[in-house]
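J.: Below is a structure I'd like to ask you about.
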Amino acid sequence: MGNFGGIRLPAPELFAGIQAVIEHNRGGHPAYLLGMRSKFGWWYYYPVVLAVKTPLPFLALLFAGAAICLGKARRANPAFWLPLAFSLGILCFSLFSHINIGVRHVLPVYMGFSIVAAIGAVRLLEMARTARWAAWALGLLLAWYGATSALSHPDYIPYVNALAGSEPETILADSDLDWGQDMKRLAKRLHEVGARQVTFTPFIVAYLEDVFGFPPIQPMDPESPSPGWNAASITEIKVGRLGLEDEHPEIKLWTERIKPTERLGNTTLLWYFPPQARTAPRR
């Protein structure tokens with residue numbers, strides 16, 4: 001038996017977990033969206049993230065299916081509106097969350113949305129019997145959807161659709177984009193260039209030298225780069241501000257004013273500065 005709000009209840013680990021989430025939500029969590037940082041998030045965080053993390057052909061079928069489900073002919077049938085209500089119910093509660101660190105926290109919405117999108121697909125299939133354009137539309141959407149998945153391989157975590165543009169880090173970071181998944185790529189690149197040392201403040205806590213074969217790592221100065229190779233993860237820049245977090249908001253990170261030498265995968269930026277040069281700090 002466990003104690004929850006003064007009441008003794010079974011399954012104490014479950015209720016201890018609920019209590020931990022309540023406390024976490026009350027205290028907030030550092031988050032990033034649309035170029036802004038916040039400890040308590042934004043009510044529109046999940047709608048924005050779902051809009052750019054969901055494949056466009058799926059969104060098209062979803063809106064088509066939603067229009068059918070909410071039409072007068074089917075509005076009274078729970079089989080049509082319950083899946084939509086299920087997902088929108090989760091989404092509505094998420095608007096009040098102060099933990100805005102990833103679409104993964106509302107992934108169950110895709111169960112209901114998938115059913116609604118399937119209704120849209122079935123309707124197009126039915127229309128295809130008499131309207132040739134419907135067959136072409138459905139075929140195009142399904143082919144587009146399949147190609148989206150194939151072209152994303154193996155980088156599924158940072159996937160964003162065309163709405164996010166060529167620099168999705170202007171919209172999102174953290175587990176929506178950068179979850180430290182490019183450490184092998186960074187280690188390989190550092191080995192290729194013969195780096196004997198790298199200045200790097202990693203987003204993940206790991207034995208990078210032993211496990212991935214990194215050269216010796218030294219911490220990064222948020223105000224100016226070090227001579228030689230410098231690397232930074234997008235999440236550490238956008239959310240952690242290279243370790244500064246909410247301290248010294250007047251400091252502009254050097255990583256945001258100097259274009260990187262190259263980009264590794266979707267998450268890691270790499271710079272090289274000749275050993276004799278060191279960029280003067282700017283405030």
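FYI, it's all coordinate maths here, none of it is from the lab. Predicted model only: the values in this text are computed from it and were never measured. Neighbour counts are summed over all protein chains in view; Cβ atoms, including those assigned to glycine, are modelled from backbone coordinates with ideal geometry.
J.: Of all alpha-carbon pairs in the stretch 30-187, indicate the percentage at a distance above 22 angstrom.
T.: Tail fraction, whole percent: 50.
J.: List the residues whose amide H sits under 5 Å from the amide H of T54, counting only those 5 or more places along or on another chain, with H placed 1.01 Å from N in the peptide plane.
T.: Here N161 satisfy the definition.
J.: Follow-up question, since we're still on this one. Run the numbers on the stretch 178-273 and let me know its relative contact order in percent, using alpha-carbon pairs under 8 Å that are six or more apart.
T.: Relative contact order comes out at 33 percent.
J.: Continuing with the same structure: If you keep only loop residues by DSSP, which chymotrypsin sites (Phe, Trp or Tyr not before Pro) in the stretch 43-88 have at most 11 other Cβ atoms within 10 Å of their Cβ?
T.: W43
J.: A follow-up question, please. Within 10 Å of each candidate Cβ there may be at most 15 other Cβ atoms; applying that plus a DSSP loop requirement, which trypsin sites (Lys or Arg not before Pro) in the stretch 102-195 survive?
T.: Those that pass, being in a loop and sparsely packed, are R129.
J.: Then there is this: Can you bin the stretch 1-121 into rounded, prolate or oblate? Criterion: square roots of the alpha carbon gyration tensor eigenvalues sorted a ≥ b ≥ c, rounded for a/c under 1.5, prolate for a/b above b/c, oblate for the rest.
T.: Oblate.
J.: Shifting gears a bit: As an exercise, identify the GluC sites (Glu not before Pro) in the stretch 217-246 lying in DSSP coil whose Cβ has no more than 13 other Cβ atoms within 10 Å.
T.: Of the GluC sites (Glu not before Pro), the ones in loops of the stretch 217-246 whose Cβ has at most 13 other Cβ atoms within 10 Å are E245.
J.: Once you have the alpha carbon radius of gyration of the stretch 67-118, what is it after dividing by 2.2 N^0.38 Å, with N set to its residue count?
T.: Compared with the compact-globule rule of thumb, the stretch 67-118 sits at 1.28.
J.: Run the numbers for T130 and A118: contour at 0.36 nm per residue of separation, minus the present Cα-Cα distance, in nm.
T.: 2.4 nm
J.: Give the calculated FRET efficiency between Q276 and R185 to the nearest 0.05, with a Förster radius of 30 Å applied to their Cβ-Cβ distance.
T.: 0.60
J.: Just how large is the dipole of the chain about the Cα centre, in debye to the nearest 20, putting +1 at every Lys and Arg Cβ and -1 at every Asp and Glu Cβ?
T.: 920 debye
J.: Starting from the Cα coordinates of the chain, work out the convex hull volume and express it per residue in Å³.
T.: Looking at the chain, the number lands at 178 Å³ per residue.
J.: Please report, for the Cα atoms of the stretch 138-210, the Rg to one decimal and the Dmax as a whole number; what are they, in angstrom?
T.: Computed over the Cα atoms of the stretch 138-210, radius of gyration and Dmax are 16.3, 54 Å.
J.: Further question on the same structure: Can you tell me the FRET efficiency between M111 and R263 if r is taken as the Cβ-Cβ distance and R0 is 41 Å, rounded to the nearest 0.05?
T.: Calculated transfer efficiency: 0.75.
J.: Need one number for the stretch 152-283: average projected area of the convex hull over its C-alpha atoms, nm².
T.: Projected area, direction-averaged: 8.3 nm².
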